[in-house]
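See below for the structure under consideration.
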Amino acid sequence: MAEKSVYEHLLGEGVSRREFLKSCGILAGAMGLNKLPPISDSNLPPHLRKSAKIVYEVAAALESRPRVPVIWLEFQDCAGCSEALTRSQSPSLINLVLNKISIEYHETLTAAAGHQTEANKKAIMEQYRGQYLLVVEGSIPTAGDGGYCTIGGRSAEDILQEAAEGAAAIIATGNCAAFGGLPAASPNPTGAKSVMALLPGKTVVNIPGCPAIPEATTGTIAHFLVFGTLPELDALNRPKTFYGVTVHDRCLRRPFYEAGKFALSFDDEGAQKGWCLYKLGCKGPTTYNACASIKWDAGTSFPIQSGHPCLGCSEPGFWDGGGFYQGQSAPLQRPAVGAVGAAAAVGVVLGAGMATANKAQKNKK
């Protein structure tokens, strides 16, 4: 019996055509796609031709592609990436990707436990060998014969190697899985290593962050589910869609940086007016992530916006990278005179807005 397509499965779950197309639009946005693999109009069914191009291309792919099982492993981690994912403010996307389409094994989220769960994982790896997607959260300990993290008497490395051997693609979500994270910080007593370090012969997509931005993880999963391919990656195997520019490039405090206005302590005049946190050790200029554009809690805020310097959590070795709240992440580039004037003007507007908000907050107390 032929495997049902994603669309056929969703129809069986009671999803209407309208809801399906809406989900396609959500997926397209989550993947950050401006241009998808070309599909000629002659190959599209009539009922899709009036839809937006980017949406009907996703829809066409989902109508033909079978479901792709996802196996999600957790090792040395705090479950922060899973927690962030389940608390994402994109419920339709989370429901579609994690519940309707694919997740077959996840130790934290699964209803079953013990032998039943492990038997299901083994069955999925055998039935869908070479087809399933492997997502790994947490670093892998190699010291003490792997005894620092075991599941059912098996080491994390053994479990990883077994699951990776038959995977069609591998995603390491969170800094721990991508680069070793906190467990690998000096002196690294457990011998923690990243997924990529233990799988040198395989392509591992890294979605770093502490935790990783939920939409970066689901968007990457969605890309593979829809097209069966991985997104374009940078030199550290991070999807360029989410890690193509620095936090500094999109930061709302950047006009103050350009104008030379910096907070020098967390309670000085600059901090109260929302000035740049560069001199308080902000790593935004050398940290590649989508924090400033996607933000958190439905786009409500991100650390710098709420008054905290970027710690560089999407970069390798950020726990040992010069200390938090100390030093500066890149040489200060003084802009041209014209740029200073323009930035100063914008900075005045932003500063006035933040000052008004601060005043209103104080009046409530």
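The values are calculated or read from the model by the stated rules, or taken from the named source; none is laboratory data. Just so we're clear, the structure is a prediction, and the values are computed from it rather than from any experiment. Reconstructed Cβ throughout: ideal geometry from the backbone, glycine too, with neighbour counts over all protein chains shown.
Annotations for the structure displayed:
- Residues of the stretch 230-241 that turn out to be assigned to a loop (DSSP other than H, G, I, E, B), touching a helix residue (DSSP H, G or I) at 6+ places or on another chain (Cβ under 7 Å) and at negative phi, as a count: 4
- On the stretch given as the stretch 268-294, residues that are of a type outside the set (Val, Ile, Thr), in a loop (DSSP other than H, G, I, E, B) and closer than 18 Å to PHE318 by Cα total 6.
- Scan of the stretch 71-97 for residues that are of a type in the set (A, V, I, L, M) and modelled with pLDDT of 90 or more, ordered by number: ILE71, LEU73, ALA79
- Note on the stretch 152-220: enclosed helices (runs of 4 or more DSSP H) holding 2 or more residues that are acidic (Asp, Glu) and modelled with pLDDT of 95 or more are 156-165.
- Filter pass, ILE140 being in contact with a strand residue (DSSP E or B) (Cβ under 7 Å, 6 or more places away or on another chain) and in a helix (DSSP H, G or I): no
- Looking across the stretch 289-312 at every residue that is closer than 14 Å to PHE179 by Cβ and surrounded by 23 or more Cβ atoms within 10 Å (Cβ to Cβ), the one that is nearest to the chain's Cα centre (by Cα) is identified as ASN289.
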